[in-house]
Structures are given as structure tokens and as C-alpha cells.
1. For T201, are the conditions met, namely being open to solvent by 10 Å² or more (accessible area, probe 1.4 Å), assigned to a helix (DSSP H, G or I) and touching a residue at least 12 places away in the same chain (Cβ under 8 Å)?
2. List every residue pair whose Cβ atoms sit under 7 Å apart, with the two residues 6 or more apart in sequence or on different chains, where the first one lies in the range 18-40 and is closer than 25 Å to S171 by Cα and the second, anywhere, is of a type in the set (S, T, Y) and modelled with pLDDT of 95 or more.
3. Looking at L178, L163, L134, L213, can you tell me which residue is at negative phi, crowded, with 18+ Cβ neighbours inside 10 Å, out of contact with any His (no Cβ under 6 Å at 6 or more places or on another chain) and part of a helix (DSSP H, G or I)?
4. Looking only at residues that are open to solvent by less than 40 Å² (accessible area, probe 1.4 Å) and in contact with a Lys or Arg (Cβ under 8 Å, 6 or more places away or on another chain) in the range 137-147, which one is modelled with the highest pLDDT?
5. From the list F66, F104, which one is more than 14 Å from the chain's Cα centre (by Cα) and not in a loop (DSSP other than H, G, I, E, B)?
6. Say we look at the range 53-63 and pick out the residues that are part of a loop (DSSP other than H, G, I, E, B) and open to solvent by 30 Å² or more (accessible area, probe 1.4 Å); which of these is nearest to I151 (Cα to Cα)?
7. Within the range 14-32, can you find the residues that are open to solvent by 30 Å² or more (accessible area, probe 1.4 Å) and either in contact with a strand residue (DSSP E or B) (Cβ under 8 Å, 6 or more places away or on another chain) or under 15 Å from E68 (Cβ atoms) (or both)?
8. State all residues of the range 72-92 that are surrounded by fewer than 17 Cβ atoms within 10 Å (Cβ to Cβ) and in contact with a helix residue (DSSP H, G or I) (Cβ under 6 Å, 6 or more places away or on another chain); if no residue qualifies, say none.
Amino acid sequence: MYFDTDRVAGYADILAKVGDTPYTRMALSHQSTAYVTDRTVAWFTRTPWASLVSLNANSDAAAELFMELYRSGRIPDGAWLRVPLPAQRFHGIPGVRLREEWQFRWTSGEPPVHRREAEVVLLSPAHHDALEELLREGNPDTVVRARARGIHGWYGIWEGDRLVACGADRSFGGVGYLAAITVRPGHRRQGLGTAITAAMTRRLMADTDAVGLGVNTGNHGAIDLYKRLGFHEAVEVATFEVSDGARHGHC
């Protein structure tokens, strides 16, 4: 199958095609390129953590555009593909493996002040070992590690000499982004995750006009918490990882 696509380069031109929201800006840089048909858009961004391909639709046309771009060698193996939910059309493509279904939620205002917010401090590289220990115990499935690329800083709460909560600033594309918010299992339900989220959001809002975060679509308790903190806007997304099998698949 072959169909006409227009290649678009330039931040402002791509943003005009995909729409200006914190979600799209978080997946866009001044080095991004896009391929546009009369029915859908795919845009490419190299982030510090992955080569990212985003589609603005979950339709047959979007799947066909993805396959055409992949077969022509424009999409590298190992790239992450983001598609709006529901994304059933992409589940049957060989070599496209679902990583997670999640919500990108964002706020454009400061959250309510939390009583434990003052306990949140900026961590240093000297605390990386403590961060790794906390992440292993409290958030073993996260792909964000203490020394991961693209992290601008870590924040945490200490109890004595033990780190009991943390969060990472992984801002990108002019949008503040909170990642790997983690509370040690024995210290949950004490407001520590809320304090980390509120404090980091307030600090990042000083430099951006929006702060976002990701949450699993099934984590209803966390979603309710983030709504209370002002994260009312959301886009539901599926992230896939692309391997060589997709190059030989059929739409």
C-alpha cells in the first residue's frame, strides 16, 4: 500500500497540525518532523529516554500510516509508539508490543497547599543510591531510574536518614512533568505522595505554564488524588514498543 504524505518540519507548523496542548508539546521538540495525510498525523521526536512516534488518531488510517512509515524505514526498531485510546487497531500488528495504557493528566494552576509539603527537599547526586533502594522497594516497575537520562532533578522526603518518598522532574518540550512518584510501602497513606506531587507542581509552575504526569488507567485512587490536586485535563494513551516484526506485518 502506498499513499501520499506531506513531510512537515518546524515546531510551529507541526503544532498547528496536531493541536497545541501540554500533551502534544510534551512529545514535541524543535527537531521534530511529521508526516501528514488528509486523515491523520504522525510526528517523530527524539527524547532523552526514547525515540518517540506519536499518532493523533487510533483509526485504520493511522494504523496504515504507521505501517507505511515503518516499512519504508522511517521508524527505528525500539521506538515507542503513542496512540490515543482505544487502540485495538494496533494490537494485532506483528512486532508492536503494548507497554502500558495510561492517562497523561495536566494542570495549569498551582495545587492546594499540603500540610507536609515543607518536608519535600531537592535531592543531589549523592542520594542516587538511596533513590535506587526506594525505587526497587516502592516502584519496581518504573522505567525511571535514579541516573536516567532526561531527569532534571529528584525531590524527596526523609524520615531520619531514610528516604521514604520521591519524585523526578522529567520536564520536556516546555511542559513540567512529574515522574516516578514513589512512597515506601510502610509509609503509605500518610500524605507523602500528595506532598511530593503538590510541592513539585508548585516549583515547576514557576517556570512553565502547565505541569503533567502519567497514571495507569486502572489506578483510580491515584486519578482521584490527582484530580483533587487540580490535574483535571487528561488524554488516554496506549504506548507500544516497536520491534523488527512490524516491518513485515500486514494491515
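The values are calculated or read from the model by the stated rules, or taken from the named source; none is laboratory data. As the structure is a computational prediction, the values presented were derived from the model and not from experiment. Cβ: placed from backbone, ideal geometry, glycine included. Neighbour counts: every protein chain shown. Calculation scope for accessible area: heavy atoms of the full protein, side chains included, ligands and nucleic acids excluded. Shrake-Rupley method; radii C 1.70, N 1.55, O 1.52, S 1.80 Å.
1. No.
2. Listed by first residue and then by second, the contacts come to V18/T24; M26/Y177; A27/T45; A27/S54; L28/T45; S29/T45; S32/T45.
3. From the options L178, L163, L134, L213, the qualifying one is L134.
4. Top of the filtered list is G138.
5. Residue meeting the stated conditions: F66.
6. Here the answer is N56.
7. If the condition is that a residue be open to solvent by 30 Å² or more (accessible area, probe 1.4 Å) and either in contact with a strand residue (DSSP E or B) (Cβ under 8 Å, 6 or more places away or on another chain) or under 15 Å from E68 (Cβ atoms) (or both), then K17, T21, R25, Q31 are the ones that fit.
8. Residue satisfying the conditions is D77 alone.
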